[in-house]
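J.: For reference, the structure I am asking about is given below.
The values are calculated or read from the model by the stated rules, or taken from the named source; none is laboratory data. Remember, predicted model here, so these are calculated numbers, not experimental data. With ideal geometry, Cβ positions are generated from the backbone for all residues, glycine too; neighbour counts draw on all protein chains shown. Calculation scope for accessible area: heavy atoms of the full protein, side chains included, ligands and nucleic acids excluded. Shrake-Rupley method; radii C 1.70, N 1.55, O 1.52, S 1.80 Å.
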Amino acid sequence: MSVLDIEDADKVVCAARSSTGVEVEAGKNYAWCTCGRSKNQPFCDGSHRGTSFTPLRLTFPESKKVFLCRCKATKNPPYCDGTHRSLPPEIVEGSLYKLPLEVDANKNNGSEGDSSLLSKSRL
């Protein structure tokens, strides 16, 4: 991404309108991208610099497959809660938008994670 427009520094980028399944390792540290700008989705590559976002640091207690959000509008970060299916149609991959969005995520895709099974912290 080129020079960041100051007006866009507090907006997320919709990296995709879907989740991504990731095999995580027990005890390994991860940093989930909260801004959507990372080229290493769903993980942080430092592209948040100059924005109001910081990555969400994660450590999983067991190795398993998890489904992580890429639209960045989930109510259960870092897990997908199906919110991408309720995003307004004008929000497409690469769109900038301001959180929180008022969307109906009641249509759950069943891929949300159990937030009690990880340790979360902001960088």
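J.: Per residue, what accessible area does region 10-56 have, given a 1.4 Å probe and all protein chains present, in Å²?
T.: Roughly 44 Å² per residue, with all protein chains present.
J.: Please tell me which of these pairs span more than 20 angstrom C-alpha to C-alpha: Lys11/Lys64; Lys11/Lys72; Lys11/Lys75?
T.: The pairs that break the limit, which is 20 Å between Cα atoms, are Lys11/Lys64.
J.: At R0 = 30 Å, how high is the FRET efficiency between Ala26 and Ser86 if r is their beta carbon distance? Nearest 0.05 is fine.
T.: Given R0 = 30 Å and the Cβ-Cβ separation, E is 0.35.
J.: Between Lys98 and Lys65, what is the label-to-label distance in nm when each label sits 7 Å out along the Cα-to-Cβ direction?
T.: 3.9 nm
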